[in-house]
Amino acid sequence: MRAAVDQTTVAGLIAARRGDTTAGLRFEDQVWSWDDVVRESAARANVLLDRRRPGPFHIGVLLDNSPEYLFWLGGAALAGAAVVGINPTRRGAELERDIGHTDCQLIVTDEAGLDILGGIDVAPTLLVGTEETEGDADAPVPEDPVDPSELFLLLFTSGTTGAPKAVKCSQGRLARIAESVIEQRQYFGVDDTCYCPMPLFHGNALMALWAPALRAGACVALPTGRKFSASRFLADVRKHGATYFTYVGKALTYILATPEEPDDADNPLVRGFGNEASELDVERFQRRFGCRLVEGYGMSEGGATVARVPDMPKGSLGVAAEGTMIANQETGEECPPARFDEHGRLLNADAATGEIVNKLGAAGFEGYYNNPEAEAERLRNGWYWTGDLGYRDEAGFFYFAGRSADWLRVDGENFAAAPVERILMRFPGVVQAGVYPVPDELAGDQVMASIELAPGAAFDADAFEGFLADQPDLGTKWSPRFVRIAAELPLTASNKLMKKPLRDERWQCDEPVWWRADRRGTTFTLMTDDDRAALHAEFRAHGREGALQQ
């Protein structure tokens, strides 16, 4: 009989799976029981303990979604080490900074990872697939107790608005998250298979899938080829009998862009959990694949959450935890409720939009590693400031309005990007949309949008003009003046849109940009080099050249 589950640490959750012969891990044509996973984890734990040296016991893991990643996660938990999830899309000085900043004393990687690490100064490296890394399959599970407060994960933020920060997550916190997820969603059990397309260095995969599956004894299935693929998604789901998966919104968009088949709903999926998907994509996915999607608002830091509830308004995130409010970023005062007209247009965006803040959230935030400045920014006035914009209606429902960097000021009116993006996603053929400010030649900002179209779709400027005119909830200042047609929008490894390179390039890019040459007009024309030169001359004429250097 297996030991009773130790709910206080991840190490305890892993050790409690000893002797469990049910499937714990599926990858391509291989299947490991949970007992197999524990044995593999124990072998790697002993490798880590043998290699340990003085200083922070931090192990960098630079791998795609492979069984080895999970074995090293388990091994680190049993050994009392902390895993630093290294983002494989980072390169050069930025990657070297990530590794040095988190004090990795060892890096676990493969041949592909060695290529990524080439040319930078890093800690000693262990190459998976060697006798040294696999260790002794009969090695005992380390018996030294692990304290719940011991650091287990350093999760880098997405870096969409600046240098990534390393979020601290202890063994105890992740164990509590696993239990909470199971209690709240009530669909993790030994008969479930949880498909993990999100990268394992990301909090979504670990907190919303791996840890709850471990706690419940559900099976974890990894994507064929070790990375998310929209074209392989449904085949993987069917192959592994997956009943659950996690996502971010852009991944759903890519799946929906694949050719539709009449038997798409013939699959075992029951539920999916994620965030940042448009309402239209959620509806389309549920209808096409027969799978219920649950959207949630939260963050790896743990300082604030918003939960969906029955009969919530369209476009809302749901109801927030106690102590959460929308705060004016300058004064800290609570913003007034959002008001809407009969078409759903936000009437008081300037006053109602502020930062999502949890006055009670500081206790749930374990901090950023080696970054007291970022911690202080998050914990101003003893409150937890999310860095996300939002607004709340009179009934208390919260709405997402974008990141703090997504403020625009057009003709003296402030508003956020996310509501505009939600509208642009309705335009036929759009699979992604990003909205951001660019300088106005007179003062303030103009609205620029970058859109990515589905394969085979073409941009029709006249149809787009008509579409914008027909949107009753499009604010009077929200309509884009510039529209970039991107072959592929820049994404982080967790499929979050990176707007900084788009803001930096503005209309100076090699891709088509449609614009309204008349600032007050409605007609879009394709921007030429002569147009760009004339626009820059306008900036010079009004003494605004400096705005183009920011």
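The values are calculated or read from the model by the stated rules, or taken from the named source; none is laboratory data. Keep in mind the model is a prediction, meaning the values are calculated, not measured. Every residue, glycine as well, gets a Cβ built from its backbone with ideal geometry; the counts of neighbours run over all protein chains shown.
If you filter the stretch 444-461 down to residues that are in a loop (DSSP other than H, G, I, E, B) and touching a residue at least 40 places away in the same chain (Cβ under 8 Å), you find that the one that is surrounded by the most Cβ atoms within 10 Å (Cβ to Cβ) is F459. K477 falls short of the stated requirement of being closer than 30 Å to A251 by Cβ and at pLDDT below 90.
C194 passes every criterion in (1) outside any loop (DSSP other than H, G, I, E, B); (2) under 22 Å from A376 (Cα atoms) apart from (2). What are the residues in the stretch 207-235 that are assigned to a helix (DSSP H, G or I) and farther than 20 Å from Y187 by Cα, if any? Correct list: T224, G225, R226, F233, L234, A235. If N204 meets every condition in (1) touching a Ser or Thr at 6+ places or on another chain (Cβ under 9 Å); (2) assigned to a loop (DSSP other than H, G, I, E, B); (3) not hydroxyl-bearing (S, T, Y) apart from one, which number is that one? Among (1) touching a Ser or Thr at 6+ places or on another chain (Cβ under 9 Å); (2) assigned to a loop (DSSP other than H, G, I, E, B); (3) not hydroxyl-bearing (S, T, Y), the lone unmet condition for N204 is (2).
One residue is enough: does the stretch 250-263 have a residue meeting the conditions assigned by TED's automatic domain parsing to the domain that holds G189, of a type in the set (S, T, N, Q) and modelled with pLDDT of 90 or more? No; the residues of the stretch 250-263 include none that is assigned by TED's automatic domain parsing to the domain that holds G189, of a type in the set (S, T, N, Q) and modelled with pLDDT of 90 or more.
Which ones in the stretch 297-314 are touching a strand residue (DSSP E or B) at 6+ places or on another chain (Cβ under 9 Å) and either surrounded by fewer than 17 Cβ atoms within 10 Å (Cβ to Cβ) or among the aliphatic types (A, V, I, L, M) (or both)? Those that are touching a strand residue (DSSP E or B) at 6+ places or on another chain (Cβ under 9 Å) and either surrounded by fewer than 17 Cβ atoms within 10 Å (Cβ to Cβ) or among the aliphatic types (A, V, I, L, M) (or both): M299, A304, V306, A307, R308, V309, M312, P313.
Filtered by the rule that a residue be modelled with pLDDT of 85 or more and either in contact with a strand residue (DSSP E or B) (Cβ under 6 Å, 6 or more places away or on another chain) or among the β-branched types (V, I, T) (or both), the stretch 272-284 gives G272, F273, G274, V282. Checking each residue in the stretch 269-296 for being surrounded by 15 or more Cβ atoms within 10 Å (Cβ to Cβ) and in a loop (DSSP other than H, G, I, E, B) picks out L269, E276, A277, S278, C291, G296.
If you go through the stretch 58-96 and keep only what is of a type in the set (V, I, T) and either free of Cβ contacts under 8 Å to residues at least 60 places away in the same chain or at positive phi (or both), you end up with just I59. Within the set A537, A517, the sole residue that is in the same structural domain as L453 (by TED's automatic domain parsing) and assigned to a helix (DSSP H, G or I) turns out to be A537. Do we have any residue at all in the stretch 239-260 that's surrounded by fewer than 21 Cβ atoms within 10 Å (Cβ to Cβ), without any contact (Cβ under 8 Å) to a residue 24 or more places away in the chain and of a type in the set (D, E)? No, that holds for no residue.
Quick one: F467 ticks every box in (1) over 21 Å from S404 (Cα atoms); (2) part of a loop (DSSP other than H, G, I, E, B); (3) in contact (Cβ under 8 Å) with a residue 40 or more places away in the chain except a single one, so which number is it? Exception for F467: condition (2).
Being assigned to a loop (DSSP other than H, G, I, E, B) and touching a helix residue (DSSP H, G or I) at 6+ places or on another chain (Cβ under 8 Å) is a property that does not hold for L252.
Highlighted here would be strands (runs of 3 or more DSSP E) found entirely within the stretch 100-176 that include at least 3 residues which are without any contact (Cβ under 8 Å) to a residue 40 or more places away in the chain and within 22 Å of the chain's Cα centre (by Cα), but there are none.
Does C104 fit the bill of being assigned by TED's automatic domain parsing to the domain that holds V84, touching a Cys at 6+ places or on another chain (Cβ under 8 Å), at pLDDT 90 or above and of a type in the set (A, V, I, L, M, F, W, C)?
So C104 does not fit the description; no.
Residue by residue, here is whether (1) within 17 Å of M425 (Cα to Cα); (2) small (G, A, S) holds:
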position: L453; (1), (2): yes, no
position: G466; (1), (2): yes, yes
position: V483; (1), (2): yes, no
position: K496; (1), (2): yes, no
position: T522; (1), (2): no, no
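If you go through the stretch 462-484 and keep only what is out of contact with any Leu (no Cβ under 7 Å at 6 or more places or on another chain), surrounded by 15 or more Cβ atoms within 10 Å (Cβ to Cβ) and among the hydrophobic types (A, V, I, L, M, F, W, C), you end up with F464, F467, W478, F482, V483.
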